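A short worksheet on the structure shown next.
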Amino acid sequence: MNTIFKNLSSKNAENILLQCYSIVGTATKLPGELDANFKIKIDGKSSYILKISPENTDFDELDFQVQMLSHISAKEKSINAPRCILDKNKVLISKISLNNKNHSVRLLTWINGRIWNSVNPKLKELNFSLGEKNGKITRALSDFEHPFSERKLDWDTAQALWTKNYLHLFSSDEEKVVSYFLNQFESFQKSYKKLRKSVVHNDANDNNVLVSENLTNPKVNAIIDFGDAVKTQIINDLAITCAYAIMDTEDPLETSLAIVIGYHSTFQLEEKELEFLYTLIGIRLVISVTKSAINKIENPKNKYLLISEKPAWEVLRKWRTISANFAHYSFRNACGYTAHPNQQKFEKWAKEQQVSLSELFPTINRNQIHHLDLSVSSTFTGHQEEFNNLDLFQFKIVQLQKQVPDKIIAGGYLEPRALYTSTEYDTIGNYGRQSRSIHLGIDFWLPANTPVHALFDGEIVIAVNDEGDKEYGGLIVLKHELKELTFYTLYGHNTIESVQQHAIGDLIKKGEQVTVLANYPENGNWAPHLHFQVMLSLLEYKNDFPGVGYFHQIDVWKSICPNPNLLFKLAGFKENLIDVSQTILNERKQHLGKSLSLQYQQPLHIVKGANQHLIDAFGNKFLDTVNNVAHVGHENFNVVKAGQQQMALLNTNSRYLHKNITTLAKELLETLPEELSVLHFVNSGSEANELAIRMIKANTNSDEIIASEHGYHGNTNKTIAISSYKFDGKGGKGKPQNTHIFPIPDTFRGKYRGEDIAKKYAKEVQLLIDKIHKQHKKVGGFIIEPIISCGGQIELPQGFLKEVYQKIKNAGGLCISDEVQVGVGRMGKTFWGFQFHDVVPDIVTIGKPLGNGHPIAAVACTKKVAEKFANGMEFFNTFGGNPVSCAIANEVLKEVKRKKLQENALKVGEYLKSELQNLTKKYTIIGDVRGQGLFLGFELVNKNLNPLSEKTDYLINRMKYYGILMSSDGPDRNVIKIKPPLTFTLENAKEVIFYLEKVFDEDFMKHN
């Protein structure tokens, strides 16, 4: 910007506004590369933007811009482009003199909105709307002509080869990246120049895109500043839009696809244009980094000119790592074309072929298959630990083969598999951690040393024959060339020796032996089989090719890798990737009670658990921070095995002698104070609390129960009757007469805060005791969780429980510690929650964690309580204490001890709590962090401590978007509860904190 513009003040701008337009307004300076720009407010509202051009600005250039805007406004008002305002002389371009130099002035309508780079997050819907708006502008300008549009412009992508003169400004690594795109661009000039041309906006950068103020569903309002408009190849404009929008994204290709879809919806792209889009996005970034390199030398103090340099370099390097061909196919798929251009040709050719399995395996005289399901929901694989036992897995294959001796065991195409546990299969994308899980070929399970023969004439283009490929073992890829079609076949999991017999470039005839199947570990550590895959492109792979793909890219992958069964035409294969979630939802609505709720606005179809993760039907993993039922990890192998083994032996009721029930009793009693010496086994926490209430009545001859506000103790009649969370909630009918509720002892937003809180809440309990006595009744008992879960993860004030227990005992009542959620080591510092408060209850109820998902629960009580309960009426529970349940519970307790999970709960829980407390310093929306071990909660409130339920729900659904499951609790549903399996690791905790920060930084969460 020249010196005159540097010294041009807001007051000067206001005078120019009045002089040229007879408008009185308040001016505020805006950034700009060439023009001096001022926001004009009238009566406190943004109304216009005043643009003052440098003295030497070509009038034709300005006329080009104003005519273009007029054309757009007349053609399509939904574009919401700025309108040019006539001055007092009825012209669109005014003239003024500043320091004896003539300048042009324009006044444009102001468009409200947030600039693109201030919006967070930028989801698919927003990117789609950006492309959609961009396409509308292109459509409106498709018939616009102006002499100035043919100008020479450095920012015109078509003229980008000027950047070659500045390669010396870059480091050697930078030069390699820039040269790659320039060489690609230069190589296709002849065909590129034939593409459609039109006047386009040419500069949809961060500061030129305006987004609506809607914080939960933002859309692009307008694309402004047509100063770089030029007549050029139409596809350049989309490339520019993508180049800026993909900055600061984990997966730039995925981001660009939403933009392409939006653009194509309003301006249809031609197939041939999409061939160039990947390179053109790179070229626009090359222009940007070259301009920055030049400006660092020529204008080192102008920060505006360098604003995009760092993110441009970051995304340019990322963009270079993406396969150009895969990007091209992805763009085609986004626009509704077949992802691979030759997909239909291949399908037509394959339809005419007659290929048998005996040609692939001549020594195996079988031409039918028996489908083997190894999908994420398959029961054949068993537990992951069993699958990794290759001897066992191979034994199961052999046994299956005996059942179908005339068939080849096969399957796998587009099968979602959760078998790939290596981090090599993972990446961090726009939606958190993503795993390659969709199988792209067919597996044929055959004995080791089975010869494999070529189905067609071909040339060897990949031969991994040294130590074998990590994914495939010995690997061969053949290239097959027909008149108008080239495709490839992949043969994986072979012996190294059989692959070493060939070299790249060797010609293989149809029917000739290609490889021999290997055994593990030589074959990539699988049971012996052939992975057979068809590819229409090798992309940029030279020594390998993926056998599994990401679910979110699967439409592209299945076009590049069509179904090999198109060749064989075998009956019996199962179709994969069918979404049955809506069917299940409809059946659920039809057959299940309406009171059964589902989690999330879009419910998940979960089919598998694996330690800290839940996995959906397509193999997508979700980190589980909610499910405290899976105490020692989802589908813990030792627990599963203990249950399976006992189930295969015996399961009956407790009327017979069996060591499992007494073994479990001893294991449990070792963890409890010696006073609690008698156990009764039931099936659930609700049953445990129901039984505890019966024990109170039997011991005190009273059913007057004192409980906390917002407490929850089960779903039976008697437990609901003492659960304020239920009877005070929606559908509840208020507390029964014999239930007495004291205020929830919440030190953050409760009735009492500050000093002596424990005593104040204890006094509330004493008031209830006195009230019961005044009614000439006895106190039956007192029940509370050591951390009140449904009340919002409320920690009891230190000293409260000790004082209240004494008051209850003085009144002749019994004390119940409801450990259904917090027990069995979850508290970290103590094995049971009551131990944290240095008290011994009369009765302890145990539930969820004991069975790791299997229904078993227990009631522990003193000998005195047990003896009075045994009043002659038999207590019998058909399933309570059965051998299978006891075997499982025994193993859960052993797992907690042998894997030191209580210690892990302390270490990880303290780290997580500390990090959450650190977040409170940055995000005032987090009002309180509380809990112990891996039973934590944090509460979202505004500055007046009012609950923010809507933001809590938003946070939960956004975390799900990143693959992390969270849930809310508390009477106002504004408390995020964290109670994951005790196997939760520090890495898991770090991942949670990382994505919480991302969500807390989003506009909706920051806006009050």
(message) What is the sum of charges, Lys and Arg at +1 and Asp and Glu at -1, for the other residues whose Cβ falls under 12 Å from the Cβ of P311?
(response) -1
(message) Compute, for the chain, the length of the dipole vector about the Cα centre, with Cβ point charges of +1 (Lys, Arg) and -1 (Asp, Glu) only. Units Debye, rounded to 20.
(response) 2900 debye
(message) Just to be sure I understand, if you calculate Cα extents along the principal axes in Å for this structure, which of [x] 113, 86, 57; [y] 136, 95, 52; [z] 105, 87, 51 do you get?
(response) [z]
(request) Using just the helices of the chain, give the 222 nm mean residue ellipticity in deg cm²/dmol: DSSP H runs with n ≥ 4 each add -39,500 (n - 2.57), and the total is spread over all residues, rounded to 500. (result) -11000 deg cm²/dmol
(request) Filter the GluC sites (Glu not before Pro) in region 868-968 down to the DSSP loop ones having no more than 16 other Cβ atoms within 10 Å, then list what survives. (result) E874
(message) Taking the number of other C-beta atoms within 10 Å as the exposure measure, put E275, E186 in order starting with the fewest.
(response) E186, E275
(request) Post the alpha-carbon centroid distance, region 198-215 to region 818-832, in whole angstrom. (result) 54 Å
(message) Please compute the modelled spin-label separation between S70 and K659, points set 7 Å along Cα→Cβ, answer in nm with one decimal.
(response) 9.8 nm
(request) Compute the signed sum of charges (Lys and Arg +1, Asp and Glu -1) over the other residues within less than 13 Å, Cβ to Cβ, of S677. (result) -2
(message) For K88, give me every one of the lysines with a C-alpha distance below 17 angstrom, ignoring sequence neighbours fewer than eight places off in its own chain.
(response) K51
(message) Helix 390-403 against the longest principal axis of the chain: what's the angle in degrees, Cα atoms only, rounded to the nearest 10?
(response) 90 degrees
(message) Relative contact order for the chain: what percent, with Cα pairs under 8 Å and sequence separation of 6 or more?
(response) 8 percent
(request) Express as a percent, rounded to the nearest 5, the fraction of DSSP beta bridges in the chain (both residues included) that run antiparallel. (result) 85 percent
(message) Principal axis extents for region 50-110, Cα atoms only, whole Å, descending order, please.
(response) 41, 21, 18
(request) Report the net charge of residues surrounding K219, where surrounding means a beta-carbon distance below 9 angstrom and charges are Lys +1, Arg +1, Asp -1, Glu -1. (result) -1
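Give me the dipole magnitude in Debye, nearest 20, for region 901-1006 about the Cα centre, with unit charges on the beta carbon: positive for Lys and Arg, negative for Asp and Glu.
Values: 15 positive and 15 negative charges, 16 e Å.
The calculation lands at about 80 debye.
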(request) With 23 Å as the limit, write out which pairs from K11/K95; K718/K771; K641/K960; K219/K951; K569/K608; K951/K998 have Cα-Cα distances beyond it, or answer none. (result) K641/K960; K569/K608
(request) Describe numerically, in nm with one decimal, the distance between label points set 7 Å from Cα along Cα→Cβ at K1006 and at E271. (result) 4.5 nm
(request) Would you pull out the residues with amide H under 5 Å of T625's amide H, same chain only if 5 or more places away, H placed 1.01 Å from N? (result) L965
(request) Kindly flag which residue pairs out of K194/K231; K697/K735; K164/K272; K763/K829; K133/K190; K868/K897 have an alpha-carbon separation exceeding 22 Å in this structure. (result) K164/K272; K763/K829; K133/K190; K868/K897
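Could you tell me the relative contact order of region 883-948? Use alpha-carbon pairs under 8 Å, at least six residues apart, and round to a whole percent.
On the way: 62 pairs, mean separation 15.0, N = 66.
With pairs under 8 Å counted, the relative contact order is 23 percent.
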(request) Choose one of V376, V629, L50: the residue whose Cα lies farthest towards the positive end of the charge dipole of the chain (beta-carbon charges +1 Lys, Arg; -1 Asp, Glu; about the Cα centre). (result) L50
(message) If you fit an axis through the alpha-carbon atoms of helix 883-898 and take the longest principal axis of the Cα set of the chain, what angle between them do you get, 0 to 90°, nearest 10?
(response) 60 degrees
(request) Would you mind ranking Y541, Y656, Y752 by Cβ crowding within 10 Å, fewest neighbours first? (result) Y656, Y541, Y752
(message) Taking 0.36 nm per residue of sequence separation and subtracting the Cα-Cα distance, how much length would be gained by fully extending the chain between I294 and Q601, in nm to one decimal?
(response) 105.5 nm
(message) If the reach is capped at under 16 angstrom between alpha carbons, list the lysines near K509, excluding any in the same chain fewer than eight residues apart.
(response) K479
(request) Rounded to whole Hz and in sequence order, give me ³J(HN,Hα) for region 663-678 from the Karplus expression 6.51 cos²θ - 1.76 cosθ + 1.60, θ = phi - 60°, writing x for Gly and Pro. (result) 4, 5, 4, 5, 4, 5, 5, 4, 8, 9, x, 5, 5, 8, 10, 10
(message) Test of the criteria: in region 546-619, which trypsin sites (Lys or Arg not before Pro) are in a DSSP loop and have at most 10 other Cβ atoms within 10 angstrom of their Cβ?
(response) K594
(message) Using a Cα-Cα cut-off of under 15 Å, which aspartates and glutamates could be cross-linked to K296, ignoring same-chain neighbours fewer than 8 residues away?
(response) E33, E309
(request) Just report the Cα centroid separation between region 499-547 and region 22-55, whole Å. (result) 66 Å
(message) Give the separation of the Cα centroids, region 552-607 to region 695-764, in Å.
(response) 45 Å
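Given that compact globular proteins tend to follow 2.2 N^0.38 Å, what is the ratio of the alpha-carbon Rg of region 901-1006 to that value?
Relative to the rule-of-thumb radius for its length, region 901-1006 sits at 1.00.
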(request) Within region 114-183, report the trypsin sites (Lys or Arg not before Pro) that DSSP leaves as loop and that have at most 12 other Cβ atoms within 10 Å. (result) K152
(message) For S94, S171, which order do you get if you count the other beta carbons within 10 Å of each Cβ and list the fewest first?
(response) S171, S94
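All of the numbers you see were taken from the coordinates with simple rules; none came from a lab. Remember, it's a predicted structure, so these values are computed and weren't measured experimentally. Note that we place each Cβ from the backbone using ideal geometry, even for glycine, and neighbour counts take in every protein chain shown.
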